[in-house]
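All of the numbers you see were taken from the coordinates with simple rules; none came from a lab. Model, not experiment: these values are computed from the prediction. Cβ atoms come from the backbone with ideal geometry, glycine included; neighbour counts cover every protein chain shown.
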Amino acid sequence: MSTVSAPAAQAYPTRSVLTPRLRRLLRSRWVPWIFILASLAGFVLVILTGLFGTMTGNQNFAIVFVWIVWWFALIAILVPLMSRSWCAICPLPAGGEWLQRGSLVEHKTRTWGLNRKWPRRLNNLWTVNFLFLGIALFSPIITTNPRVTGFLLLGLMIVPIPLALIYSKRAFCRYVCPVGGFLGLYSNFSWLELRANEKAVCQHHLGKECIKGSVEGYACPWMEFPQTLGRNAYCGLCLECLKTCPKENIDIRLRPFGADLLKDAKDKDASEAWKSLIMLELAGVYLVVLLGPYGYLKDWATFRAGLDHFLLYTGLFVGGALLFVPFLFLLLTHLSRVLGGRPQASLRRLFIDNAVALVPLGLFAWIAFSVALLQVNWSYIFATASDPFGWGWDLLGTKAMAWQPILPQTLPYIQIALVLIGLAYTVTALHRLSLRHFETRRAAAKALVPMAAFAFVATATFLRLFVG
Amino acid sequence: MARGLRAFVLATLLAGTALLALGPVLSAARPSVTIEITASQYEFSPGRISVPRGAEVTLVLRAVDVSHGFYLDGYGIDVQLNPGEEPTVVTFTATTLGKFAYRCSVTCGPYHPYMKGELIVEGPLGNTVLWGGLLAAGLVTVGAALRVHRQEASR
């Protein structure tokens, strides 16, 4: 591991993880292609087991792998520690991208398809938000029914193909993928970043291979400009810029958690703020509906209580995520600017910044939710790995492994600790933002009160769900 | 986390320990509690039960539709319940404060993994663990804000 001094504009210390050998390895076109191939094989197995395996969810590899293993790995390990590294090896857009490029591995100059630009009015996360909410609404069914999980993943592999043939680059990943939305948002908290080392080097280099492409690789598929890349939100770590940069000015480095939460960016807009609030609300909803003791809510959410109750659930679910929580947060943001003595400050800007500062709290609440799934259901992983389709195979000799949670009585305490860590980071970010937006420390402290109160009440709600 | 936050975490732990320590001091009697719980797809009824710490708890368990299981976190209780059979009776002493999930341990249908209930073991101050958690959240909120305030003041 080599240390680099932080660039002048950088407000936090960083440490490069790129040794010369690792840089050479990552410049190979086989990276991350070989990992995409591996994840593709895994997802093909998931789709096959989902579509043709047993309908008993906890005995089907698709359900156990996707909603316990993959979900936990994404939210609790990959995103906090390695940013959008999943996007780098994700098999969902692979088919479309290979068709678009007319190549599996090697770089080709000519691309296929219409190569159109993504519509400007959809240049945000609203499509992602609505798709994600639509899928999340049916999550009690999706996470327990192997066929639905299989068809969902199959759909998510098929949809990118026409999009890749109509629009240029990775339009699906950036503007449509319901998974990518929250991965990007929560990657702002991540420990890892890919950035240009010295902005001056980029400014004086006219080749701009990172956005034009070269024989070494493609122009940034995520439509980012590495020279000005400031946040993790829309960097898929595909490493194309690392391959194309002739100045070796692209670096991958470690940094303090949450470093992106305070940054301004053109693409940090209302749809991203809504995403943050949606994710926070959904963590609470899932803890109540899926992991709570209320059978009637499960009946509402799964049509078992009839269409009328499902519609009521839909209204509460969608209304809470899109209207109630954001409206409450907007009111508190307004109160914040009044208390801070700047009632004329942009409510929109404050709302967006403060909502994105909720990322650590939301992320750790989701980790707490995911830990519960893993700690209780881990034994299914070994059973279904041995008999993926539930057809009576015993490939690994672990099919008969009995269901046995790991120290489940410790779960509430683990969850308390996790959500308190998220709270600490969120209040820290809210206060730093407040200091930026308001003129004096005293005004900033006053302005912080409603925002910190929101974070505290959200945390108290989670605590009530964990131990109350 | 910096020193300020560490101090708050330490204060929280001390406060939590004090709350937990009050339990055995203040609870003298050992009441007996009997609760009937029925299991059906996909809920236990009642879904939440509260007992005082130290109580001798007797659960009378019955399945009313298909076979279910009853697994109580932290107490080593795991029994199978079959419809039409005599109720299963389990007895234990609620020794530890906090919330303990009871879960279905026999695959009973598609939503089996989400079939769950909650046992709350309360101290003389009620749900001490929740109060401790809320106190900790308050301390973390104030501590994180003060830490930033001090950092800015020292610049």
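Arrange A:Y425, A:Y234 by Cβ neighbour counts within 10 Å, fewest through most, would you? Spell out each step's value before the answer.
Numbers: A:Y425 26, A:Y234 22.
With the sparsest Cβ surroundings first, the list reads A:Y234, A:Y425.
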Integer Hz, Karplus 6.51/-1.76/1.60 couplings in order for the stretch A:204-221, x for Gly and Pro: 8, 9, 8, x, 6, 4, 5, 10, 9, x, 7, 5, 7, x, 8, 4, 3, x
Residue mean of other protein chain beta carbons inside 10 Å, A:425-432: 5
Two-decimal Rg/Rh across the stretch B:32-123, once Rg and the Kirkwood Rh are taken from alpha-carbon atoms: 0.95
Nearby lysines by direct alpha-carbon distance to A:K446 (threshold 19 angstrom, same-chain neighbours under 8 apart not counted): none
Euclidean distance between Cα centres, the stretch A:252-299 to the stretch A:441-468, Å: 16
Shape category assigned to the stretch A:383-436 from the gyration tensor of Cα positions, a/c cut at 1.5: prolate
Sequence-distant residues sharing a close amide H with B:L81 (under 5 Å, placed H): B:H68, B:G69, B:F70
Neighbourhood charge, 15 Å Cβ-Cβ cut-off, centred on B:T93 and excluding it, Lys, Arg +1 and Asp, Glu -1: 0
Sum of side-chain charges, A:S103 neighbourhood, beta-carbon under 12 Å (Lys, Arg +1; Asp, Glu -1): +2
Entries of A:K117/A:K247; A:K169/A:K263; A:K275/B:K99; A:K199/A:K247 with Cα pairs more than 23 Å apart: A:K117/A:K247; A:K169/A:K263; A:K275/B:K99
Nearby aspartates and glutamates by direct alpha-carbon distance to A:K266 (threshold 17 angstrom, same-chain neighbours under 8 apart not counted): A:E224, A:D353
Free-standing Cys, the protein assembly as shown [no other Cys Cβ under 4.7 Å]: A:C87, A:C90, A:C173, A:C177, A:C202, A:C220, A:C235, A:C238, A:C245, B:C104, B:C108
Per-residue average of Cβ from other chains inside 10 Å of A:133-141: 1
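Just add up the charged neighbours of A:L26: K/R +1, D/E -1, any other residue whose Cβ is under 14 Å from the Cβ of A:L26. Show your work: numbers first, answer last.
Details: positive: A:R21, A:R23, A:R24, A:R27, A:R29, A:K243, A:R253; negative: A:E216, A:E240, A:E248, A:D251.
Computed value for this residue: +3.
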Cut-off under 5 Å, modelled amide H: who pairs with B:L61 long-range: B:I37, B:T88, B:V89, B:V90
Relative contact order [Cα under 8 Å, 6+ residues apart], chain A, whole percent: 18
Integer Hz, Karplus 6.51/-1.76/1.60 couplings in order for the stretch B:88-94, x for Gly and Pro: 8, 10, 10, 10, 7, 9, 7
Estimated vicinal HN-Hα couplings, Hz - the stretch A:296-304 in sequence order (Karplus 6.51, -1.76, 1.60; Gly, Pro = x): 5, 5, 5, 5, 4, 6, 10, 6, 5
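Report, as a whole number in µm² per second, the diffusion coefficient that Stokes-Einstein gives for the protein assembly as shown at 4 °C and 1.567 mPa s using the Kirkwood radius over alpha carbon pairs.
The calculation lands on 49 µm²/s.
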Amide H contacts of A:T14 (H built 1.01 Å from N, under 5 Å, at least 5 apart or other chain): A:A6
Eligible aspartates and glutamates near A:K399 by straight Cα distance, threshold 14 Å, same-chain separation 8 or greater: A:D387
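Only sites in a loop by DSSP and with at most 14 other Cβ atoms within 10 Å count here; which trypsin sites (Lys or Arg not before Pro) in the stretch A:92-188 make the cut? Provide the component values of the computation, followed by the final result.
On the way: sites: A:R101, A:K108, A:R110, A:R116, A:K117, A:R120, A:R121, A:R147, A:K169, A:R170, A:R174; in loops: A:K108, A:R110, A:K117, A:K169, A:R170.
When the trypsin sites (Lys or Arg not before Pro) of the stretch A:92-188 are filtered for loop state and at most 14 Cβ neighbours within 10 Å, A:K108, A:R110, A:K117 remain.
Determine the alpha carbon to alpha carbon distance for each of A:K108/A:K208; A:K212/A:K268; A:K108/A:K243; A:K298/B:K116; A:K208/A:K243 and list only those over 22 Å.
Checking Cα-Cα distances, A:K212/A:K268 exceed 22 Å.
What value, in deg cm²/dmol to 500, does the helix sum -39500 (n - 2.57) over DSSP H runs of n ≥ 4 give at 222 nm once divided by the residues of chain A? Mind showing how you got there, number by number?
On the way: 24 runs with 261 residues, N = 468.
So the calculated ellipticity at 222 nm is -17000 deg cm²/dmol.
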Mean separation of Cα contacts under 8 Å, 6 or more apart, over the residue count of the stretch B:51-155: relative contact order %: 26
